[in-house]
């Protein structure tokens, strides 16, 4: 029997997925527990429409994400830091400082937990940080540490 899963079921499948199971499993467990609905023509059309809407939303979100990545990589972000006479900064640059600089200079709010810096920044210069947007979408952003 074919059923459409309404929610994720362990060892069976994810939400909005069409799966084939034994009749007893579907009628005695999945359908009464509201884990699945029967795969009749009406429900299949609803599933198809739901998947189309989901695909459109993902495409729109991906286009917006590409626009954000383009703006972030266009020019380096400048960070001001207090320095000593030798060019070393007091403390180090953190992902929170980069997130604030991106918000102030580029106009995009990015969670600091998504930003990772490859090396510890303790001197003036240009460095790179990577931003993970999820779903395998990452980008590298240049930032320049300048003396205040």
Boolean, residue 143 is touching a residue at least 24 places away in the same chain (Cβ under 8 Å), surrounded by 13 or more Cβ atoms within 10 Å (Cβ to Cβ), within 30 Å of residue 16 (Cα to Cα) and not assigned by TED's automatic domain parsing to the domain that holds residue 16
no
Within the range 105-124, track down each residue that is at pLDDT 90 or above and in a strand (DSSP E or B).
115, 116, 117
Residue under question is residue 91, and the condition is that it be surrounded by 10 or more Cβ atoms within 10 Å (Cβ to Cβ) and at pLDDT below 90; does it hold?
yes
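Looking at 34, 52 in this structure, which one is outside the structural domain of residue 117 (by TED's automatic domain parsing), out of contact with any helix residue (DSSP H, G or I) (no Cβ under 8 Å at 6 or more places or on another chain) and part of a loop (DSSP other than H, G, I, E, B)?
Values: 52 fails: part of a loop (DSSP other than H, G, I, E, B).
Result: 34 is the single residue among 34, 52 that is outside the structural domain of residue 117 (by TED's automatic domain parsing), out of contact with any helix residue (DSSP H, G or I) (no Cβ under 8 Å at 6 or more places or on another chain) and part of a loop (DSSP other than H, G, I, E, B).
Kindly indicate whether residue 12 is free of Cβ contacts under 8 Å to residues at least 12 places away in the same chain, surrounded by 11 or more Cβ atoms within 10 Å (Cβ to Cβ), touching a strand residue (DSSP E or B) at 6+ places or on another chain (Cβ under 8 Å) and farther than 30 Å from residue 145 by Cβ. Talk me through it step by step, then tell me what you get.
Details: free of Cβ contacts under 8 Å to residues at least 12 places away in the same chain: yes; surrounded by 11 or more Cβ atoms within 10 Å (Cβ to Cβ): yes; touching a strand residue (DSSP E or B) at 6+ places or on another chain (Cβ under 8 Å): yes; farther than 30 Å from residue 145 by Cβ: yes.
Yes.
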Restricting to the range 79-106, give me the number of residues that are in contact (Cβ under 8 Å) with a residue 24 or more places away in the chain and under 28 Å from residue 135 (Cα atoms).
7
Given (1) within 30 Å of residue 141 (Cα to Cα); (2) not assigned by TED's automatic domain parsing to the domain that holds residue 105, number of the condition residue 77 does not satisfy
(2)
Among the residues of the range 71-85, write down those that are more than 16 Å from the chain's Cα centre (by Cα) and either closer than 16 Å to residue 107 by Cβ or surrounded by fewer than 11 Cβ atoms within 10 Å (Cβ to Cβ) (or both).
71, 73, 74, 75, 76, 77, 78, 82, 84, 85
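The values are calculated or read from the model by the stated rules, or taken from the named source; none is laboratory data. Bear in mind that the values here come from a model prediction, so they are computed numbers and not experimental data. Cβ sites come from the backbone with ideal geometry, for glycine too, and all protein chains shown count toward neighbours.
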